[in-house]
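A short worksheet on the structure shown next.
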Amino acid sequence: MTLAFTPRIVVPQVTGQPPVPLVTGGEIAYANLDHAASTPCLEAVRRAVDEFLPWYASVHRGAGFASRVSTKVYDRTRDVLRRFTSARDDDLVIFTRNTTDALNLLARALPRDTSVVLFDTEHHAALLPWRGPNVIRVPAPRTRAAAVSVVDSALAACPEGPRLVVVTGASNVTGELLPVAEIAAVARRHGARVALDAAQLAPHRPISLRELDVDFVALSGHKLYAPFGAGALVGRADWLSEARPYLAGGGATKAVRVSDEAAGGLEVEWNPGPERHEAGSPNTVGVHALGVACARLAANWDAVIAHEDALLDRLGRGLRTVPGLAELRLFDGEAARVGTVAFVVDGFDPGLLAAVLSAEYGIGVRDGAFCAHVAARRLISVAGGEGIRALRVSLGLGTTEEHVDRLVTALRRIVTEGAHWAYTTSDGRWEPSPDPREWPSFLAS
């Protein structure tokens, strides 16, 4: 007799987290379902950082051996990011703090009078950096085809001059994938460039600047299992090389001379290439961590996607059994997505639900508007809810079937039985009252 079995999907491992205390007593393994906000550290990244730290030193200008090691680590990571994003040969790889930093850098580098087209449902990192009369924010329509058409119409209405379309790869609120390649094709017909906010896409799917035919991509290490404060902007060299440096300081300068000694004037010759926008001592440790995480993911995409798809299917089937739960969606009907789901539950404050899930079940989720206030308000209204706050569940490499099942069971229990502890609000946040849980020892006064 042949027994059917489900093969185990082996994915890169994240660093283990200790059990968390419950208000009802005891401890439980932490169910981290908030990967869309920040991911835990990959075990391979932690080992790589520990291995590198004894060699940490200044980069590019030090003659010492440790400085040369650090320089090699820093420069080599540019090639890792180039491969991770399938960048073109002449694209620049600029290291930043995160996606927000990268998109603000790009906004500062736009040629004069550039028209910018974007959906008003973008994450604030992609929504807010653009300024001026030529910024066109359009409401996201309810179908993918209409989204492409709206961008087409907006570009047709732009004045003559440079044009840029800004689009997210995966929604920060719903996880749904936007039609990036189709939007890029429309942009090309109008002579426009495309900037891809890949903060939510990069941890879940391969990214190819070439295949998507986009010009820039921004991403964050803290969402890529490398929480050491580094991100990147990868893209066309011309706009970036012609722009004033994002920051003025050492590293961005090739030469500084006194031009008028009596007046105290300075003549500055700025560096070309990515160094032009990387003034100051760089976050070499963070950059190394980012590179290791990207390489690890790139070598395991099939397993990463299979792991997430299986859990996302399990989560979707489970959430449909929760009374009064309404899911938030950008598009009508089913749309491809990464492992992020946002919803409201009729009659329940999302903040209270999040507090109960944490305090009584050891589950970490996110409640609020997810730094996408326009999107959250609109989608909650479409789902039949009120206000600007929802609950978001997001999966990652450390998520297990037990985590998903615990969440679904807990939600059903809360909806049907209520909380089993008292809760009050403090500064707008729900908290257990009293809260007997002890902080970790390193936080003890």
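Report, to the nearest 10°, how far helix 65-84 tilts away from the longest principal axis of the Cα atoms in the chain, using its own Cα long axis and a range of 0 to 90°.
Here the helix axis deviates by roughly 70 degrees.
Give the range of the longest stretch in the chain that excludes all GluC sites (Glu not before Pro) found in loop regions by DSSP and having at most 13 other beta-carbon atoms within 10 Å.
Numbers: sites that count: E160, E261, E334, E386, E438.
Value returned for the longest uninterrupted segment is 1-159.
If eta is 0.692 mPa s and T is 37 °C, what Stokes-Einstein diffusion coefficient results for the stretch 65-155, Kirkwood Rh from Cα pairs, in µm²/s?
Answer, rounded: 206 µm²/s.
Output the Kirkwood hydrodynamic radius of the stretch 132-282, Cα pairs only, in Å rounded to one decimal. Provide the component values of the computation, followed by the final result.
Working: mean 1/r = 0.0560 Å⁻¹.
After inverting the mean inverse Cα-Cα distance, the result is 17.8 Å.
Just the number: Rg to Rh for the stretch 293-445, Cα atoms, Kirkwood Rh, two decimals. Write down the numbers at each step before the final one.
On the way: Rg = 16.8 Å, Rh = 17.0 Å.
Expressed as Rg/Rh, it is 0.99.
Taking Cα centroids, how far is the stretch 388-422 from the stretch 52-83 in Å?
A separation of 43 Å, based on Cα centres.
Above 21 angstrom, tally the Cα pairs of the stretch 206-338 and express them as a % of all pairs, no decimals. Before the final figure, lay out the partial values.
Numbers: 5636 of 8778 pairs.
Across the stretch 206-338, Cα pairs with separations above 21 Å total 64 percent.
With N residues in the stretch 46-298, what two-decimal value do you get for its Cα radius of gyration over 2.2 N^0.38 Å?
On the way: Rg = 19.1 Å, N = 253, 2.2 N^0.38 = 18.0 Å.
Normalised Cα radius of gyration, the stretch 46-298: 1.06.
Quick one: what does P(r) look like for the stretch 168-215 with 10 Å bins over all Cα pairs, in whole %?
In whole percents, the pair-distance histogram is 28, 55, 17, 1.
Using only Cα atoms and rounding to the nearest 10 degrees, what angle (0 to 90) does helix 43-52 make with the longest principal axis of the chain?
Result, in degrees: 40.
Classify the stretch 213-287: rounded, prolate or oblate, from the alpha-carbon gyration tensor (a ≥ b ≥ c, eigenvalue square roots; a/c under 1.5 rounded; otherwise prolate if a/b is larger than b/c)? Could the numbers behind the result be given before it?
Working: a/c = 4.06, a/b = 1.86, b/c = 2.18.
Note, shape of the stretch 213-287 comes out oblate.
Within the stretch 133-172, list the residues whose amide N lies under 17 Å from a label point set 7 Å along Cα→Cβ of D238.
Of the residues in the stretch 133-172, 160-165 have backbone N under 17 Å from the label point off D238.
What's the local net charge at G249, with K and R +1, D and E -1, over the other residues with C-beta under 12 Å away? If you can, show how the numbers build up before the last one.
Numbers: positive: R276; negative: E275, E278.
For residues surrounding G249, the net value is -1.
Quick one: putting +1 on the C-beta of Lys and Arg, -1 on the C-beta of Asp and Glu, what dipole do you get for the stretch 46-298 around its Cα centre, in Debye to the nearest 20?
On the way: 30 positive and 27 negative charges, 119 e Å.
The dipole of the stretch 46-298 has a size of about 580 debye.
With N residues in the stretch 3-75, what two-decimal value do you get for its Cα radius of gyration over 2.2 N^0.38 Å? List each step's numbers first, then the result.
Working: Rg = 19.8 Å, N = 73, 2.2 N^0.38 = 11.2 Å.
My calculation over the Cα atoms of the stretch 3-75 gives 1.76.
Restricting to DSSP loop positions (anything but H, G, I, E, B) with no more than 16 other Cβ atoms inside 10 Å of their own Cβ, which trypsin sites (Lys or Arg not before Pro) remain in the stretch 347-389? Intermediate results must be reported in sequence, preceding the final value.
On the way: sites: R366, R377, R378, R389; in loops: R389.
Sparse-neighbourhood loop trypsin sites (Lys or Arg not before Pro): none present.
Could you state the angle between the C-alpha long axis of helix 144-156 and the longest principal axis of the C-alpha atoms of the chain, as a value from 0 to 90 degrees rounded to the nearest 10?
For helix 144-156, the angle is close to 30 degrees.
Compute the length gained on full extension between D79 and H190: take 0.36 nm times their separation in residues and subtract their Cα-Cα distance, giving the result in nm to one decimal.
Working: separation 111, 0.36 × 111 = 39.96 nm, distance 3.14 nm.
Full-extension gain reported as 36.8 nm.
Around G362, with a cut-off of 10 angstrom between Cβ atoms, what is the net charge of the other residues, counting Lys and Arg +1 and Asp and Glu -1? It would help to have the intermediate numbers written out before the result.
Working: positive: R406; negative: E27, E360.
Residues close to G362 contribute a combined charge of -1.
Evaluate the Kirkwood expression for the hydrodynamic radius of the stretch 329-416, namely the inverse of the mean inverse distance over all pairs of different C-alpha atoms, and round to one decimal in Å.
Details: mean 1/r = 0.0727 Å⁻¹.
Hydrodynamic radius (Kirkwood, Cα pairs) of the stretch 329-416 is 13.8 Å.
How would you rank I94, I207, going from fewest to most other Cβ atoms within 10 Å of each one's own Cβ? All intermediate terms of the calculation are to be shown ahead of the outcome.
Values: I94 26, I207 23.
The fewest-first ordering by Cβ neighbours comes to I207, I94.
Determine, from the Cβ-Cβ distance of N300 and A156 and an R0 of 56 Å, the FRET efficiency 1/(1 + (r/R0)^6), rounded to the nearest 0.05. Before the final figure, lay out the partial values.
Values: r = 42 Å, r/R0 = 0.75.
My answer for the efficiency is 0.85.
How far is the Cα center of the stretch 167-237 from the Cα center of the stretch 289-336, in Å?
What the calculation gives is 17 Å, centre to centre.
Report the Rg/Rh value for the chain, based on alpha-carbon coordinates and the Kirkwood definition of Rh. Before the final figure, lay out the partial values.
Working: Rg = 23.6 Å, Rh = 23.6 Å.
Over the Cα atoms of the chain, Rg/Rh equals 1.00.
Readers should treat all values here as calculations from the given coordinates under stated rules, not as data from a laboratory. Not measured: the values here are computed from a predicted model. Here Cβ is always computed from backbone atoms with ideal geometry, including for glycine, and neighbour counts include all displayed protein chains.
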